[in-house]
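Step one of this worksheet: look at the structure below.
The values are calculated or read from the model by the stated rules, or taken from the named source; none is laboratory data. Not measured: the values here are computed from a predicted model. In this analysis, Cβ positions are derived from the backbone assuming ideal geometry, glycine residues included, and neighbour counts consider all displayed protein chains. Side chains included, ligands, DNA and RNA excluded: accessible areas come from the protein's heavy atoms. Shrake-Rupley method; radii C 1.70, N 1.55, O 1.52, S 1.80 Å.
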Amino acid sequence: MDLQQLCQKVIQARPADSHKGTFGRALLIGGLYPYGGAIIMAALATVNSGAGLVTVATERETIPALHSHLPEAMAFSIDDHSLLLTSLMKSDLVLIGPGLGENSRAEQLLDDVLAHLSEQQILVLDGSALTLIAKQNRKHFPCNQVILTPHQKEWERLSAIPITQQTSRTSLKALESFQEGTILVAKGPASQILQAQPEQVTPITAGGPYQATGGMGDTLAGMIAGFALQFPHTRLYERVVTATYLHSLIADQLALTHYVVKPTDISQSIQETMRLCMLDKKNRP
């Protein structure tokens, strides 16, 4: 799969009659104390990737910091159970896990969220949520479209495959035990996107050690959420591959002038990079 051509296929000009609802409603859940920054970075990436409406459920104390970085996002206290359920029902996509934590409060919150999702929604599981579902040995979910975004240790917990034995073949075999159609974003020095049914493996041919900093995965999860909500002319798998590739491609470009690439630097470059993808398509012979 030519990833540059895929970007040009996925990223399309917005229809003239678009409105914010056209590009989907995302609900992001996480940032419990002391990990507030994680959900802020995920929200920055989701908004900058083009999601229509982004709502964040987090600690009440984190909301002023979120709004100082991102006034475009709505936010409410994670302890407002009634508003959480209302937001869940209205959302097209739910991303849970960035900065969620692994204590009993986080586990109860995850259980409540999963109990109120519907088949039509897209579910993105990231960070602490992956460790919690691994503890529960949970491999089936209410949503028909599920995206897992583990780093190598989290995938080891989910799949029982030691890091040294994690290959595309062993990961595909492990994915067969998850519900049909589950998409795996296997993060690492050589990241891959995999799906067992139908079988697909796409290596990400970009990225480097300058990405090894806290919050990089939160930003990727936000980009995946933003892309998953848009571009209905393509398959969800293609949208996930495009988001993951652009995340690393932006890092490559920034690394030309930066020793370390910050996740927030990537978020600031998403809109320009998406537009360049469209221009490349228009100028292609």
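Within segment 220-266, the set of residues being of a type outside the set (A, V, I, L, M) and under 14 Å from Ala51 (Cα atoms) comprises Gly222, Gly226, Phe227, Gln230, Phe231, Pro232, Arg239. Meeting the requirement of 2 or more residues that are surrounded by fewer than 19 Cβ atoms within 10 Å (Cβ to Cβ) and at pLDDT 95 or above, the strands (runs of 3 or more DSSP E) wholly within segment 1-83 are 74-77.
Every condition in (1) without any contact (Cβ under 8 Å) to a residue 40 or more places away in the chain; (2) in contact with a Ser or Thr (Cβ under 9 Å, 6 or more places away or on another chain); (3) surrounded by 14 or more Cβ atoms within 10 Å (Cβ to Cβ) holds for Met89 except the one numbered (3).
If a residue has to be within 23 Å of Gly36 (Cα to Cα), open to solvent by 10 Å² or more (accessible area, probe 1.4 Å) and among the charged types (D, E, K, R) to count, how many in segment 112-152 make the cut? The total comes to 1. If the condition is being more than 23 Å from Thr242 (Cβ to Cβ) and free of Cβ contacts under 8 Å to residues at least 60 places away in the same chain, then segment 104-128 contributes Ser104, Glu107, Gln108, Leu110, Asp111, Asp112, Leu114, Ala115, His116, Leu117, Ser118, Glu119.
Within segment 235-253, the set of residues being among the polar types (S, T, N, Q) and open to solvent by 10 Å² or more (accessible area, probe 1.4 Å) comprises Ser248, Gln253.
Filtered by the rule that a residue be surrounded by fewer than 21 Cβ atoms within 10 Å (Cβ to Cβ), assigned to a helix (DSSP H, G or I) and of a type in the set (Val, Ile, Thr), segment 254-283 gives Thr264, Thr273.
Conditions (1) open to solvent by 40 Å² or more (accessible area, probe 1.4 Å); (2) hydroxyl-bearing (Ser, Thr, Tyr); (3) within 19 Å of Ala221 (Cβ to Cβ); (4) in contact with a helix residue (DSSP H, G or I) (Cβ under 8 Å, 6 or more places away or on another chain), marked per residue:
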| site | (1), (2), (3), (4) |
| --- | --- |
| Glu154 | no, no, yes, yes |
| Pro162 | yes, no, no, yes |
| Arg169 | yes, no, no, no |
| Glu176 | yes, no, no, no |
| Thr182 | no, yes, yes, yes |
| Gly188 | no, no, yes, yes |
| Leu194 | no, no, yes, yes |
| Gln200 | no, no, no, yes |
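If you go through segment 84-94 and keep only what is in a helix (DSSP H, G or I) and of a type in the set (S, T, N, Q), you end up with Thr86, Ser87.
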